[in-house]
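Below is one structure, written out as structure tokens, with a few remarks after it.
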Amino acid sequence: MDPVNKILIVDDHAVVREGIISILKRNLASAVACDEAGTAREAELKLSRAIYDLLVLDVSMPEVSGLDLLVEVQRKQPDLRVLVLSMHSEEQYAMRALSLGASGYLTKESAPTELVVAVNKILAGRRYISSSLADHLADHLLSGKQGNLPHDTLSKRERQVLSLIGAGKTPKQIGSQLSISDKTVSTYRTRVLRKLEMSSTAEMMNYAIKHQLT
């Protein structure tokens, strides 16, 4: 008997979750068992109680965003594969999601035709990048832009701190979310200020918002 792949669908719209589950169960070649959650908190609870092979995660959710949940998942379960599903275009969130550890990014507009392909690739241990995003990445590399943005020099943890500061989180909230002390948060903040050649938290917030890092 083939092993069953356990997939958790996280989206705040029940009809979307039902649609994704229906597509996967009808079209996946491998056996699949789907679970669902309507909020990030509900997803965190389910992730703490069961082991999943794949998390299909919406970006836009109330209270805690999908990208914030992605950061938390990567911290607690770095081996869990995540496919980010969003109504937003790839230009807005795909690069950010991939840099945070997602295994793939898919717009809801293309989900009906590309979802099964994306899930099969990710379950096989590969990443899913659409042809349009691949073209965008190629243009980005060929134009010589890679590394030109100041935040490209930041470490993963420094980017997390910058992102959370941009989201208006306090040092205590950042420390709690990343499981580090307030003093360590301050250290990372100082490093980010130095690397970005800034002098205040307000500048960091404006930068993070401008570059869609929150």
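The values are calculated or read from the model by the stated rules, or taken from the named source; none is laboratory data. Predicted, not measured: the structure shown is a model, and the values here were computed from it. Counting neighbours? That spans all protein chains shown, and the Cβs are built from the backbone with ideal geometry, glycine included.
Worth pointing out:
- Any hit, the range 33-54, residues being of a type outside the set (D, E, K, R) and closer than 18 Å to residue 107 by Cα: yes
- Contact map, the range 157-178: residues that are without any contact (Cβ under 8 Å) to a residue 24 or more places away in the chain and at negative phi paired with residues that are outside any helix (DSSP H, G or I) and surrounded by fewer than 22 Cβ atoms within 10 Å (Cβ to Cβ), Cβ distance under 7 Å, separation 6+ or inter-chain. Pairs shown: 175/181.
- Meets criteria (farther than 23 Å from residue 156 by Cα and either in contact with a strand residue (DSSP E or B) (Cβ under 6 Å, 6 or more places away or on another chain) or hydroxyl-bearing (Ser, Thr, Tyr) (or both)) for residue 94: no
- Filter pass, residue 180 being part of a loop (DSSP other than H, G, I, E, B), at pLDDT 80 or above, out of contact with any Lys or Arg (no Cβ under 6 Å at 6 or more places or on another chain) and β-branched (Val, Ile, Thr): yes
- Condition met for residue 121 (surrounded by fewer than 16 Cβ atoms within 10 Å (Cβ to Cβ), at pLDDT 75 or above and assigned to a helix (DSSP H, G or I)): no
- Sub-6 Å Cβ pairs linking a first residue in the range 188-214 that is not assigned by TED's automatic domain parsing to the domain that holds residue 88 to a second residue that is surrounded by fewer than 19 Cβ atoms within 10 Å (Cβ to Cβ) and charged (D, E, K, R), at least 6 apart or interchain, are 188/158; 191/158; 192/158, ordered by first then second residue.
- Considering 189, 157, the condition of being over 22 Å from residue 76 (Cα atoms) and assigned to a helix (DSSP H, G or I) is satisfied by 189 alone.
- Just one of the listed residues (48, 22, 30) is small (Gly, Ala, Ser), loosely packed, with under 13 Cβ neighbours inside 10 Å and either more than 24 Å from residue 87 (Cα to Cα) or not assigned by TED's automatic domain parsing to the domain that holds residue 119 (or both), namely 48.
- Pairs where the first residue, in the range 111-126, is within 11 Å of residue 83 (Cβ to Cβ) and the second is β-branched (Val, Ile, Thr) and part of a helix (DSSP H, G or I), C-beta under 7 Å, 6+ apart: 115/20; 115/23
- The single residue among 47, 100 that is at pLDDT 95 or above and at negative phi turns out to be 47.
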